Amino acid sequence: MPSLKIDHERCTECRMCYIVCREIDINAVYVALEPLHRIEIDLQKCTYPGCTACLMYCPAEGSIVEVESGRSMVPPPPEAWQEA
Amino acid sequence: MPDLPGKALARELIEKSRSESRATPVEEVIQAICGDGLDDGAAHRLIGRLWTLERMFYYIYGGWGQGLEINDFPPSIKYLFSKQIVDESTHEMLYLDALLRKGFAATQKDAFRHPSGCFVMDSALAYYVFSLRNLATYPHPIRIAALNLGPKVLELAWMEGLTKAIADPDLKGVFESQFVENRSHINMGRRIVEEFVTKPVEAELCRWACAVAKRDYGRFLGELSAFVLGHEAPAPPAPRRQVTD
């Protein structure tokens, strides 16, 4: 199953993904307890590709990367909203 | 994903600011704290004056916000800006909370009236505030480049140095708890410049605005250091000129 991670070179640490993930009660996005307190994704909790809410709301497109392919992810097309 | 158009400019501005970041007048305060510690009077002057600057960001961002129109930028840019406003407000409250908790001021009204906390028009602080507010008429990416890739980079560096030097865990926490947001503001600035500064003329404006903001912030820091250490304040930024109709 593909999974997601944060590209810290692109991420603005605005925490929108954290807020969205928490809002829909998946809670996969968390603030890491390292000195920089950066955003990370808990692969055990993340339901990607079932859920793509963080991709839809991220204001810095390309900050979330698919681990397996290394692709920078962009928001899914609007149809994805309607199908869901 | 292809590289964003303003990537090289963002890197250039950040690296230039980083190279200047440990040469600000606050280094004198850090040295003094390393030597003799920070007494209550100096701590009050430091927190009070930083609180005064933070309060003024409501005024600066108010002006900038008026320059954002419907559909001129994607909602993501406006979200990042609103996040920055909230963060700045949090920092303002952190400073006020420290003033009250440490007993430097009994009430919020006292904090506003005290010389450490009142806003003075004829000061380097006011000069810096008006300098930033003046950027309200420039496109959003340019003013964000000026602040987030200029003074914010300097601020993060001196704040890290200051935090290391301060022994009082309460005061240490006041500064330490701002690191995450300050780093985020630099990252937001980087992103906005990378994505929206596309033309050479805009890049030149970013360089100019960033240099002006850092110059005026440096003057504020000079005034702050002198105030905290009880030295004579540096000369005013420009000779006063009588303006008549």
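The values are calculated or read from the model by the stated rules, or taken from the named source; none is laboratory data. Remember, it's a predicted structure, so these values are computed and weren't measured experimentally. Virtual Cβ from ideal backbone geometry, glycine too; neighbours counted across all protein chains shown.
Would you check if there is a residue in region B:227-240 being of a type in the set (D, E), surrounded by 21 or more Cβ atoms within 10 Å (Cβ to Cβ), within 24 Å of B:D122 (Cα to Cα) and out of contact with any Lys or Arg (no Cβ under 9 Å at 6 or more places or on another chain)? The answer is no, given that none of the residues of region B:227-240 is of a type in the set (D, E), surrounded by 21 or more Cβ atoms within 10 Å (Cβ to Cβ), within 24 Å of B:D122 (Cα to Cα) and out of contact with any Lys or Arg (no Cβ under 9 Å at 6 or more places or on another chain). Per this entry, B:V201 is counted among residues that are farther than 30 Å from B:D36 by Cβ, out of contact with any strand residue (DSSP E or B) (no Cβ under 9 Å at 6 or more places or on another chain), more than 14 Å from chain A (Cβ to nearest Cβ) and without any contact (Cβ under 8 Å) to a residue 40 or more places away in the chain.
When B:N182, B:N148 are checked against the criterion of being surrounded by fewer than 22 Cβ atoms within 10 Å (Cβ to Cβ) and either closer than 20 Å to B:F220 by Cα or in contact with a strand residue (DSSP E or B) (Cβ under 6 Å, 6 or more places away or on another chain) (or both), B:N182 stands alone in meeting it.
Taken over region A:8-26, residues that are at the interface with chain B (Cβ under 8 Å from one of its Cβ atoms) and more than 11 Å from the chain's Cα centre (by Cα) amount to 4.
Okay, residues lined up against (1) among the β-branched types (V, I, T); (2) within 14 Å of chain A (Cβ to nearest Cβ); (3) out of contact with any Leu (no Cβ under 8 Å at 6 or more places or on another chain):
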| site | (1), (2), (3) |
| --- | --- |
| B:G189 | no, yes, no |
| B:V193 | yes, yes, no |
| B:C206 | no, no, no |
| B:C210 | no, no, no |
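If you check B:R101, B:R49 for being crowded, with 20+ Cβ neighbours inside 10 Å, at negative phi, modelled with pLDDT of 95 or more and among the basic types (K, R), only one passes: B:R49. The set of residues in region B:80-125 being closer than 30 Å to A:C58 by Cβ and of a type outside the set (D, E, K, R) consists of B:L80, B:F81, B:S82, B:Q84, B:I85, B:V86, B:S89, B:T90, B:H91, B:M93, B:L94.
Where helices (runs of 4 or more DSSP H) fall entirely within region B:1-72, those with at least 2 residues that are within 14 Å of the chain's Cα centre (by Cα), more than 14 Å from every other protein chain (Cβ to nearest Cβ) and not hydroxyl-bearing (S, T, Y) are at B:40-66. Can you tell me which residue within region B:32-71, out of those that are touching a residue at least 40 places away in the same chain (Cβ under 8 Å) and among the acidic types (D, E), is nearest to B:A226 (Cα to Cα)? Result: B:D40. Among the residues of region A:1-59, those that are small (G, A, S) and surrounded by fewer than 21 Cβ atoms within 10 Å (Cβ to Cβ) comprise A:S3, A:A32, A:G50, A:A53.
Residues in region A:27-60 that are assigned to a loop (DSSP other than H, G, I, E, B) and of a type in the set (A, V, I, L, M) were compared, and the one that is nearest to the other protein chains (Cβ to nearest Cβ) is A:A60. Checking the stated criteria, B:S76 turns out to be small (G, A, S) and within 14 Å of chain A (Cβ to nearest Cβ).
In the set (1) free of Cβ contacts under 8 Å to residues at least 24 places away in the same chain; (2) touching a His at 6+ places or on another chain (Cβ under 8 Å), B:N148 fails one condition alone, (1). Exactly one residue out of B:V120, B:V86 is without any contact (Cβ under 8 Å) to a residue 60 or more places away in the chain and over 30 Å from A:C11 (Cβ atoms), and it is B:V120.
Among the candidates B:D87, B:D110, the residue that is surrounded by fewer than 19 Cβ atoms within 10 Å (Cβ to Cβ), among the acidic types (D, E) and at pLDDT 95 or above is uniquely B:D110. Take B:G150 and tell me if it is modelled with pLDDT of 95 or more and at positive phi. Answer is no for this residue. Scanning region B:165-186 for residues that are over 16 Å from the mean Cα position of the chain (by Cα) and touching a residue at least 60 places away in the same chain (Cβ under 8 Å) yields B:A165, B:I166, B:A167, B:D168, B:D170, B:L171.
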